[in-house]
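Quick notes on the structure that follows.
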Amino acid sequence: MASALSSLRYGDSLSVVAISGATAVLCEAISWLLIYRTTTYNSLRATIERHSRKLDAMKSGSSSGAAGASGSSQPTASSSSRAKKMDRVETSLKDAARELSLAKLKSGAVVAAVLFVVFGLLNSLFEGRTVAKLPFAPVPLVQRMSHRGIPGNDPTDCSMVFLYFLCSISIRTNLQKLLGFAPPRAAATAGGGLFPMPDPKVN
């Protein structure tokens, strides 16, 4: 397919985009087989969404309660109890988000191996070749990647590395949203990754 597209105008660009799209579909298929269809993943995702909705509702109630009790100088017992419940829900949300990140490690390793192989293939096919033209001269920091491995001094020349990087990010992200595989937004905002930030409430 890459050789057929290369014979067309902008063939190199179309080849890189097509291979990036096919790779994104393959990576999502692997992720579905290993992670997305499992009971553990779906259970953790449902738990995160449930805790997120509960936490949002508690924060809304806390805000309205604080506004109603703004004239009081002493915190009420109910507000203290509400704060403790919110802390417990936040902790459960972070724990579920951390477990979700751990569950995705297995597919992440396989996907990384696939991306490494595809990158090596593309690098051998398009090494030292300009695959696209940028509409403007990028800043020097970006130009180090966009002009990597290309002979000449034209800053608008685009290398395979840069185009593949842009395609990989945009295509796979939008594909995940389209298929409903995008991670829950609450999992990112909860800060429950593999290496979470320390809780400031804990001395």
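A short reminder: the numbers here are calculations on the coordinates, not readings from a lab. In this text the structure is predicted, and so the values were computed from the model without any measurement. Neighbour counts are summed over all protein chains in view; Cβ atoms, including those assigned to glycine, are modelled from backbone coordinates with ideal geometry.
So, in nm, how far is label A18 from label T39 when the simple model puts each one 7 Å beyond its Cα toward the Cβ?
For A18 paired with T39, the spin-label model returns 4.3 nm.
So what's the projected area for the range 134-187, the Cα convex hull averaged over all directions, in nm²?
The directionally averaged projection comes out at 5.1 nm².
Past 28 Å, Cα to Cα: identify those pairs from K54/K104; K54/K177; K106/K133; K84/K177; K85/K177, in the order given.
Listed pairs above 28 Å: K106/K133; K84/K177; K85/K177.
Which loop chymotrypsin sites (Phe, Trp or Tyr not before Pro) in the range 81-163, with loop taken from DSSP, have no more than 15 other Cβ atoms within 10 angstrom of their Cβ?
Listed in order of number, the matching sites are F136.
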